[in-house]
Structures are given as C-alpha cells and as structure tokens.
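**Student:** Have a look at this one before I ask anything.
The values are calculated or read from the model by the stated rules, or taken from the named source; none is laboratory data. From a predicted model like this one, the values you see are computed outputs, not experimental measurements. Here the Cβ positions follow ideal geometry from the backbone for every residue, glycine too, while neighbour counts run over all protein chains shown.
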Amino acid sequence: MLSFPLAWLLAAQVSGLAPMPTPIVSAASKGPVVIMETSKGRIVIELYRDQAPLTVANFIKYVRGGFYDGTIFHRVISGFMIQGGGYDPQLVEQPTRKPVTNESKNGLSNRRGTIAMARTNTPHSATAQFYINLKDNTQLDGSPSAFGYAVFGEVREGMDVVDRIAAEPTRARDRVFANLPVETVVIKRVREAPASGNATRRPSAAPKVSP
C-alpha cells in the first residue's frame, strides 16, 4: 500500500513543525483538465504538464485506459489528505504499470487543493495512486537534497466535494487500511475534459483552519 513515512504523517498533524522550504509556483502553466466523478460529487482537476511532464503523462495514460473507474478513496485523514486510485470496493489492489520518475523537485508545493503522487518510502515508486491535499502540507515537498511527493495538478472545481470525502468517518481494517472510510467512496469515472474545458477555472479555496 502506498503511503507516507510516519514522521511526515505526524508532522502533518502536529502544528508548529517547520516545513521543508520549497519554491512555490504562483501561476503554474495550464495543461489537460480531467473530470473525476465520485459518489460524493464531481472534482475538476487541472494538470500541470510543463512542471511535471512525466507524472502528467503517466496519469493521463491511466485515465485514458479507464484504470481509475470503479476504484475508491481508501485512505482519508481529516486535516491532511485523501488518497485513492489503487483499490476496488472489495479492497483488491489493481495492477499497475512500472513506477514513474519522481518529479517532486519541480517547484510545485503540496498546498491545499493540489494533487500529488502517493508512493512508498522509495522515492521513485509512484505508479497510479494519488492524493489531494486538504491543507498546506509543505513538509511533503522535495528539497535540493531529498525527494518529496510530486505535485502535478490542482483542483479547480469541487473542493467542497473533496472536503465532504474528508469528513467521512473512517475505520481500520486489517493491517493495510488504517483510515478506510466507513461508507465506500467510489471514483465512478475519470475522463479528460474537451479542449475548451481548459478555459480559466476558479482557484481552489484557501485553507480555513490548521489542524
């Protein structure tokens, strides 16, 4: 199961810890837009192909192949992030292609509303699983001397849906799923928006509170 190192997970939930410094791109270049239909509503995500070309190409291949259709959000941590794209509702892990090169040193930061690749403790291990940040998690960013978690896009519409998913009660199941939503949250389908869908979108909401 792709996850985050325990130290970083704790840092994300304890206030006052200094984040790793990372330059922030204030206006990332526009790229493809995907529409994610979930059992809680629609999420529109703009992908930043110029900053994360390998990651975006990898994600789009999974989208075009229908990989995410019928998968679930299997890891939900309020005040941190929601993670999905790896398991079906029966908690069967879906087969993936080879890992993608880690592009966490691309100048994009794990800010609220951004989407990034989940991975193991091995830097270049991300395949298909992704997460959406619920708050500014800059401690997950890369640094000149270490890889972080690669941001490759941002939610342009539907952060209210993301927040609804984040508010779902969770439970532990087996040793693999420590934060599994009690009510299954399904990713019904993910598709690229028509080219005209790349028009200006509303920016994602600013963080409301710090956990």
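**Student:** Could you count how many residues in region 165-211 are closer than 19 Å to Leu134 by Cα, of a type in the set (A, V, I, L, M, F, W, C) and modelled with pLDDT under 95?
**Tutor:** Going through region 165-211 one residue at a time, the tally reaches 3.
**Student:** If you don't mind, there's one more thing I want to ask. Please determine, by comparing only the residues of region 144-195 that are touching a residue at least 12 places away in the same chain (Cβ under 8 Å) and part of a helix (DSSP H, G or I), which one is nearest to the chain's Cα centre (by Cα).
**Tutor:** By that ranking, first place goes to Val162.
**Student:** Filter region 27-46 down to the residues that are under 22 Å from Gln94 (Cβ atoms), among the β-branched types (Val, Ile, Thr) and surrounded by fewer than 20 Cβ atoms within 10 Å (Cβ to Cβ) and list them by number.
**Tutor:** Ile35
**Student:** Here's a follow-up. Output the number of residues of region 80-101 satisfying the condition of being more than 14 Å from the chain's Cα centre (by Cα) and outside any strand (DSSP E or B).
**Tutor:** The number of residues fulfilling the criteria is 13.
**Student:** Another question, if that's okay. Take region 74-104 and flag every residue that is touching a helix residue (DSSP H, G or I) at 6+ places or on another chain (Cβ under 7 Å), farther than 15 Å from Ile115 by Cα and among the aliphatic types (A, V, I, L, M).
**Tutor:** Residue satisfying the conditions is Val100 alone.
**Student:** Can I ask one more? Does Tyr68 satisfy the criteria of being in a loop (DSSP other than H, G, I, E, B), modelled with pLDDT of 95 or more, more than 23 Å from Pro169 (Cβ to Cβ) and within 17 Å of the chain's Cα centre (by Cα)?
**Tutor:** On the way: in a loop (DSSP other than H, G, I, E, B): yes; modelled with pLDDT of 95 or more: yes; more than 23 Å from Pro169 (Cβ to Cβ): yes; within 17 Å of the chain's Cα centre (by Cα): yes.
Spelling it out, Tyr68 is indeed in a loop (DSSP other than H, G, I, E, B), modelled with pLDDT of 95 or more, more than 23 Å from Pro169 (Cβ to Cβ) and within 17 Å of the chain's Cα centre (by Cα).
**Student:** Right, next: Conditions first: (1) farther than 17 Å from Glu168 by Cα; (2) in contact with an Asp or Glu (Cβ under 9 Å, 6 or more places away or on another chain). Arg42 passes all but one, so which condition is the exception?
**Tutor:** Just one mismatch for Arg42, condition (1).
**Student:** Among the residues of region 58-79 satisfying the criterion of being surrounded by 19 or more Cβ atoms within 10 Å (Cβ to Cβ) and of a type in the set (Val, Ile, Thr), which is nearest to Phe152 (Cα to Cα)?
**Tutor:** The selected residue is Val63.
**Student:** Next question. If I ask for residues that are within 13 Å of Phe80 (Cα to Cα), out of contact with any Pro (no Cβ under 7 Å at 6 or more places or on another chain) and either free of Cβ contacts under 8 Å to residues at least 12 places away in the same chain or basic (Lys, Arg) (or both), which ones from region 102-127 would you list?
**Tutor:** Selection gives Arg111 alone.
**Student:** Sticking with this one: Of all residues in region 47-57, which are buried (at least 24 other Cβ atoms within 10 Å of the Cβ) and either among the charged types (D, E, K, R) or in a helix (DSSP H, G or I) (or both)?
**Tutor:** As a first pass, look at region 47-57 and keep what is buried (at least 24 other Cβ atoms within 10 Å of the Cβ): 47-48, 52, 55.
Result: Thr55, single match.
**Student:** Further question: For region 134-167, which residues satisfy the criterion of being over 26 Å from Ala57 (Cα atoms) and surrounded by 18 or more Cβ atoms within 10 Å (Cβ to Cβ)?
**Tutor:** Scanning region 134-167 gives Ile165, Ala166.
**Student:** Given the options Ser104, Ser29, name the one that is of a type in the set (S, T, N, Q), assigned to a loop (DSSP other than H, G, I, E, B) and modelled with pLDDT of 95 or more.
**Tutor:** Working: Ser29 fails: modelled with pLDDT of 95 or more.
Ser104 is the lone residue from the list that is of a type in the set (S, T, N, Q), assigned to a loop (DSSP other than H, G, I, E, B) and modelled with pLDDT of 95 or more.
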